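Below is one structure, written out as structure tokens; the observations come after it.
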Amino acid sequence: MTRFGIGYDVHKLAPNRKLILGGVEIPHALGLEAHSDGDVLIHAIIDALLGAATLGDIGQHFPMTPEFKGISSVELLKRTCALVAAKGYAIGNVDSIIVAQRPKLAPHILPMRERLAAAMQIELDAISVKAKTEEGLGFTGTEQGIAAYATASLNK
């Protein structure tokens, strides 16, 4: 049996924060404001995985409590994969999109895929990361924030 899930996340851009996407620190003047490290890509992937396994959402498992303050989203992804595996599922593939006007993300896509594949213990070929701009439109296009979408398939 194969199941599918979808995830979405968004965070505001803010000064004095690191920009971390897909577990990779990306040089930029602004970072993402959040309780954790603000990695919208990983947060969207987590919600896609949890959704496919009918395990709720990221806020149910990793609430805004002191335990998760400033935590690496890579660690949250590893914990999510353990929850999914405990329910008897294996990750089939993950497809994702980051929506950001800047910085240009093309040079960082492969390192993101490698970091994500390692965290999820899946083949590199099972994780896709794409980046899109919004041609100056909306909150991402005006560089107020960054959004990410993800889908995941799970096999039992």
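Annotations for the structure displayed:
- Note on segment 79-156 and segment 1-26: Cα centroid distance 7 Å, given to the nearest whole angstrom.
- Between helix 109-120 and the chain there is an angle of about 30 degrees, using the helix long axis and the longest principal axis of the Cα atoms.
- Each residue of segment 1-68 gets 89 Å³ once the volume of the Cα convex hull is shared out per residue.
- Relative intensity, log₁₀ I(q)/I(0), of segment 54-112 from a Debye sum that treats every alpha carbon as a point, q = 0.24 Å⁻¹: -1.12
- The C-alpha atoms of the chain define a longest principal axis, and helix 73-86 lies at about 20 degrees to it.
- Across the cross-link table entries 69/130; 12/69; 69/132; 18/104; 78/156; 104/130, which are compared at the Cα atoms, the separations over 21 Å belong to 69/130; 69/132.
- Database remark: amide H of residue 130 closer than 5 angstrom to the amide H of 96, 97, 98 (H placed geometrically; neighbours at sequence offset of 5 or more, or on other chains; Pro and chain starts carry no H).
- Fully extended contour minus Cα-Cα distance, from residue 104 to residue 85, at 0.36 nm per residue: 3.4 nm
- Overall form of the chain per C-alpha gyration tensor (a/c, 1.5; a/b vs b/c): prolate
- Packing rank of 30-39, 98-107, where each peptide gets the mean count of other beta carbons within 10 Å, highest leading: 30-39, 98-107
- Value of relative contact order over the chain, rounded to a whole percent, pairs C-alpha under 8 Å and six or more apart: 34
- Note on residue 75 and residue 29: with the Förster distance fixed at 22 Å, the Cβ-Cβ geometry gives a FRET efficiency of about 0.25.
- Across segment 142-156, rounded Karplus estimates of 3J(HN,Hα) from the backbone phi angles (6.51 cos²θ - 1.76 cosθ + 1.60, θ = phi - 60°) give 8, 6, 8, x, 10, 10, 8, 10, 8, 10, 9, 10, 10, 10, 10 Hz, Gly and Pro being marked x.
FYI, it's all coordinate maths here, none of it is from the lab. Predicted model, so just to flag it, every value in this text is computed and none were measured. FYI the Cβ positions are ideal-geometry reconstructions off the backbone, even for glycines, and counts take in every protein chain you see.
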